[in-house]
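The structure appears right after this line, and notes come after that.
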Amino acid sequence: APTTSIDVFSRYESEVRSYIRSFPTVFDRAKGARLWDAEGKEYIDFFAGAGALNYGHNNDTLKRSLVDYIGRDGITHGLDMGTQAKAEFLQVFHDIILEPRNLNYKVMFPGPTGTNSVESALKLARKVTGRSTIVSFTNAFHGMTLGSLSVTGNGFKRQGAGIPLANAVSLPYDSYLETGLDSIALLEHMLDDKGSGLELPAAVIVETVQGEGGINVAGVEWLQRLANLCREREILLIVDDVQMGCGRTGPFFSFEAVGIIPDIVCLSKSISGYGLPMALTLFQPELDAWEPGEHNGTFRGNNPAFVTGTEALRLYWRDDRLSKVTLSNEKTIRDFLMDMVESIPALHGRVRGRGMAYGLECGVPGLAEKITARAFERGLVIETSGAESEVVKLLAPLTIDSEDLHQGLAILADSAKAAAK
Ligand code: PMP
């Protein structure tokens, strides 16, 4: 029989354990921006559940709301039923998030995870327009189910399962690739040119900052031109805010700072505030073409997630304090990374990001993964992203305190120095 918990994984779980490879331990407890493994070793968390823990682990206020709810035998599993917890969430989401921003969206609970939100968005766009093509971008990540995977601009993830870009076309994402290509002009040209093979699309789906793709930040002007083109051609604009929403880039929605209003918005990850599965799809009211039962799912009504989600909105979004903290942390993170890149030339590093989503791109193959491995040994949980795992991705909880933030950054710098030698 296995002798330790980690042996249990090797023995019984499939070999596909990417996070166990990156973080070879057995985690047990977590609080705020810290994690502890079963041996009691402490780690700073610069991973935050890939964006699902923007308010940190086991936030006391959220925990109390959850414990109280379960204590009074509140509905746990609600399918599609009307529940008090869901009604409260909808009301508070409207009052705290939508109304103050003058946003007029209907809300749908598409299923438990981000990919469910993307699937529902693609389906709705196709149904409303009667068209089938979806335009997406290289290095995009939208999920692992067939529809969302077909718009995910990562050949490795698609091709293993034989998923073509079905009814989809993947264009270069803004100028970060430094190809000099203007993909908006290209799209416009393809729409005008009957010989291009591109039919009028139902929708364009875009992340304002690509998370899994390597913290690629789309330019404001590029996004505005994209939104304008969509409006002119009556193509629906879907913003996938699964990773960059819930304050990750500063404002609640990542597109607020860009001045665009999507037709459809995908949210998940941090929307429950407590790491519980929950997703939302927001769409302009006139797009509500669903018929009863047309999109359903057993776990659409995760009521404990509605409870913590409601509490998180009340706690963090009644005013813009969290956004301000995020933008001030951004300066700390950016300055620190810029100094690091300058003082460790062997990184051939480049820094980019927005809010508290930051990337350190390493110009040497394999180096970013070496850095994150060293960081793990030194007590920092941090992942890479990008098509070649070439970017160290800093995704600390938005609520991290200054001491933990500085400690995490110091570990990262030490690890980078050691790995770049
Ligand atoms: N969209 C984006 C932008 C994401 O980052 C992710 C997850 N990394 C997804 C969709 C898919 O979410 P999930 O893993 O919850 O299905």
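Go ahead and estimate [θ] at 222 nm for the chain from helices alone: -39,500 (n - 2.57) per DSSP H run with n ≥ 4, summed, over the residue count, rounded to 500. Mind dumping the intermediate values first?
Working: 14 runs with 155 residues, N = 421.
So the calculated ellipticity at 222 nm is -11000 deg cm²/dmol.
Anyone know which of 265, 92, 206 comes out most mobile in the 10 Å Cα GNM of the chain?
Highest fluctuation among the options: 92.
Binned at 10 Å from 0, what are the whole-percent values of the Cα-Cα distance distribution for the range 127-226, short to long?
Over the range 127-226, the share of Cα pairs per 10 Å bin runs 16, 47, 34, 4 percent.
Would you mind telling me the share, in percent, of accessible area of the range 246-369 contributed by carbon and sulfur at probe 1.4 angstrom? Before the final figure, lay out each step's value.
Values: 2570 of 4870 Å².
The C+S portion of the solvent-accessible surface of the range 246-369 is 53 percent.
Cα atoms only, the range 188-302: Rg and Dmax in Å?
Rg, Dmax (Cα atoms, Å): 15.9, 50.
Report Rg/Rh for the range 376-421, rounded to two decimals, where Rg is the Cα radius of gyration and Rh the Kirkwood radius. The partial results should precede the final answer.
On the way: Rg = 11.4 Å, Rh = 11.5 Å.
Result for the range 376-421 is an Rg/Rh of 0.99.
Considering Cα pairs under 8 angstrom that are at least six residues apart, work out the relative contact order of the range 265-421 and quote it in whole percent.
On the way: 196 pairs, mean separation 26.4, N = 157.
Reported as a whole number, the value is 17 percent.
At 1.4 Å probe radius, can you tell me the per residue accessible area of the chain in Å²?
Numbers: 18300 Å² over 421 residues.
Accessible surface, normalised per residue, equals 43 Å².
Tally Lys and Arg at +1 and Asp and Glu at -1 over the other residues with C-beta under 13 Å from the C-beta of residue 421: what net charge comes out? Show your work: numbers first, answer last.
Numbers: positive: 370, 374, 417; negative: 414.
Cβ neighbours under 13 Å give a net charge of +2.
With the cut-off at 32 Å, tell me which of the pairs 63/127; 123/324; 63/157; 157/324; 63/331 have Cα atoms farther apart than that. Display every interim value, and only then the final one.
Numbers: 63/127 40 Å; 123/324 36 Å; 63/157 36 Å; 157/324 36 Å; 63/331 30 Å.
Correct reply: 63/127; 123/324; 63/157; 157/324.
Can you list, bin by bin at 20 Å, the percent of alpha carbon pairs in the chain, starting at 0?
Binned Cα distances yield the sequence 26, 59, 15, 0.
Using a Gaussian network model of the chain with C-alpha springs under 10 Å, which one of 296, 54, 329 is most mobile by mean-square fluctuation?
296
Evaluate E = 1/(1 + (r/R0)^6) for residue 182 and residue 417, where r is the Cβ-Cβ distance and R0 equals 41 Å; express this FRET efficiency to the nearest 0.05. Intermediate results must be reported in sequence, preceding the final value.
On the way: r = 39 Å, r/R0 = 0.95.
For residue 182 and residue 417, the calculated efficiency is 0.60.
Taking amide H positions as placed in the peptide plane 1.01 Å from N, state which residues far from residue 169 in sequence (5 or more) or on other chains have amide H under 5 Å from it.
134, 135, 136
Modelled label-to-label distance, residue 5 and residue 26, 7 Å Cα→beta-carbon offset: nm?
0.6 nm
For the range 324-376, divide the Cα radius of gyration by the Kirkwood radius and give the resulting Rg/Rh value with two decimals.
That ratio is 1.00, to two decimals.
Take the Cα atoms of the range 281-388, build their convex hull, and give its volume per residue in Å³. Walk me through the numbers before you get to the answer.
On the way: hull volume 22.9 nm³, N = 108.
So the per-residue Cα hull volume is 212 Å³.
Label residue 94 and residue 14 with points 7 Å out from Cα along Cα→Cβ: what is the distance between them in nm?
In this crude label model, residue 94 to residue 14 measures out at 4.2 nm.
Looking at the P(r) of the range 220-270, how many percent of alpha-carbon pairs lie beyond 19 Å? Don't skip to the end; give the middle numbers.
On the way: 299 of 1275 pairs.
Everything past 19 Å amounts to 23 percent.
Looking only at 219, 195, 353, which one moves most when the chain is put into a Gaussian network model with springs between Cα atoms under 10 Å?
195
Compute the separation of the alpha-carbon centres of the range 11-85 and the range 87-151 and state it in Å as a whole number.
A separation of 24 Å, based on Cα centres.
Which order do the peptides 280-289, 107-116 take when ranked by the mean count of other beta-carbon atoms within 10 Å per residue, highest first?
By packing density, highest mean first, the sequence is 107-116, 280-289.
Less than 11 Å Cβ to Cβ from residue 80, Lys/Arg counted +1 and Asp/Glu -1: what total charge do the surrounding residues give? Mind showing how you got there, number by number?
Values: positive: 86, 300; negative: none.
Charge balance in the 11 Å sphere: +2.
In bins 5 Å wide, starting from 0, what share of all Cα pairs of the range 331-421 does each bin hold, as a percent?
It works out to 3, 16, 29, 30, 18, 5, 1, in whole percents.
Provide, for q = 0.14, 0.19, 0.21 Å⁻¹, the log10 of I(q)/I(0) from a solvent-free Debye sum over equal Cα point scatterers in the range 32-125.
-0.82, -1.25, -1.30
Could you state, as a whole-number percent, how many of the C-alpha pairs of the range 52-198 are farther apart than 25 Å? Walk me through the numbers on the way to the answer.
Working: 5467 of 10731 pairs.
Tail of P(r) above 25 Å: 51 percent of Cα pairs.
The values are calculated or read from the model by the stated rules, or taken from the named source; none is laboratory data. Note that the structure is a prediction, hence the values are computed from the model and not measured. Don't worry about glycine lacking a Cβ; one is built from the backbone with ideal geometry, like all the others, and counts go over all protein chains shown. These area figures cover heavy atoms from the full protein model, side chains too; ligands, DNA and RNA do not enter into them. Shrake-Rupley method; radii C 1.70, N 1.55, O 1.52, S 1.80 Å.
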